[in-house]
Every structure is written in C-alpha cells, then in structure tokens.
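Structure first, commentary second.
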Amino acid sequence: RLGRYYLWADEEDDNEATGTRFIKRAADMGDAEAIVNLGLMHVIGKGVPKDIEEAMRLYILSMEKGYVEAYTCLGDLYVTGTGVEFSLFEALTYYTVAVAKGCKRARATIDNLEAARHIWGELVAKQQKGLV
C-alpha cells in the first residue's frame with residue numbers, strides 16, 4: 001500500500017519511481033494485491049511500459065493467488081476493449097465470478113451495466129451472433 005501511496009500521491013518522478021519500486025518488490029514477493037497494482041500500472045503505462053498482455057498475465061497470476069479484485073480488473077479490460085477485443089460476455093463472466101467471491105466493485109459494475117441493459121443486451125446478442 002505504501003507503493004500505491006507514492007505512485008499516486010503526485011506527479012513527481014521521484015515518487016513514481018519509489019512507488020514503482022515498492023510495488024514491484026511486493027509483487028516479486030508474491031503479494032496478490034501488489035501483483036494487481038503492477039498489472040494496472042502496465043495497463044496505463046505508469047512507472048512501467050504500457051503492456052496489456054503483461055497486465056493480463058499479472059491479473060491471472062493474482063486470480064490464482066485468490067485475490068478477488070483481479071477478476072474485476074480482467075473484466076474491465078474486456079468491457080472497455082482495452083488491449084483485447086471488446087466482449088461484454090467475457091467481462092460479465094469475470095464480474096460474475098468476482099461477485100460470487102464477494103467483490104463489491106464487481107457488483108457495482110454489473111449493476112451499472114444492468115442499468116444500461118437495453119443497450120448492452122442488444123450488443124451481447126449481436127456479439128454472440130458475430131455481428132459486432
């Protein structure tokens with residue numbers, strides 16, 4: 001958590017470098033939350049090169065360690081089409097697993113998608129038919 005503080009505290013390069021160092025060290029030690037944070041850093045390119053494949057690998061590693069938020073992060077990539085093909089079906093699959101494991105953010109995301117059901121319901125149907 002100290003790494004996150006330094007990374008996001010302000011825009012000074014020395015804080016970003018310090019935060020990156022702390023997060024990488026914790027991730028190397030197997031901390032599942034740090035692994036997800038390192039994945040997020042790769043998604044946006046903060047402190048590390050932007051690399052969606054590496055982010056996905058890190059999210060999956062964190063999922064394997066039992067960190068529920070990792071499912072939501074992976075779902076976020078699919079729901080936004082960030083570095084992967086846009087897929088509401090894939091996103092909802094990950095969000096649903098996260099909800100079943102008690103993730104409140106995943107529940108809120110599904111609730112938001114449900115609020116826009118008339119839009120995404122048609123998109124999912126079209127996507128499953130290969131029209132999107």
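The values are calculated or read from the model by the stated rules, or taken from the named source; none is laboratory data. Just so it is clear, the structure is predicted and the values come from calculations on it, not from any experiment. Don't worry about glycine lacking a Cβ; one is built from the backbone with ideal geometry, like all the others, and counts go over all protein chains shown. Side chains included, ligands, DNA and RNA excluded: accessible areas come from the protein's heavy atoms. Shrake-Rupley method; radii C 1.70, N 1.55, O 1.52, S 1.80 Å.
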Turns out the helices (runs of 4 or more DSSP H) fully within region 20-115 with at least 2 residues that are free of Cβ contacts under 8 Å to residues at least 60 places away in the same chain, under 27 Å from Gln128 (Cα atoms) and out of contact with any strand residue (DSSP E or B) (no Cβ under 7 Å at 6 or more places or on another chain) are 52-64, 69-80, 88-100, 104-115
In the set Ala55, Ala115, the lone residue that is surrounded by 15 or more Cβ atoms within 10 Å (Cβ to Cβ) and among the aliphatic types (A, V, I, L, M) is Ala55
Picking from Ala98, Ala108, the residue that is open to solvent by less than 30 Å² (accessible area, probe 1.4 Å) and modelled with pLDDT of 95 or more would be Ala98
**Prompt:** Quick check, is Val36 in contact with a Cys (Cβ under 8 Å, 6 or more places away or on another chain) and either at pLDDT 95 or above or open to solvent by less than 50 Å² (accessible area, probe 1.4 Å) (or both)?
**Reply:** yes
Considering residues that are among the aromatic types (Phe, Trp, Tyr) and under 20 Å from Gly102 (Cα atoms), the number found within region 42-88 is 3
Expected single match for of a type outside the set (Gly, Ala, Ser), modelled with pLDDT of 95 or more and exposed (fewer than 12 other Cβ atoms within 10 Å of the Cβ) among Asp10, Asp14, Asp28 is Asp28
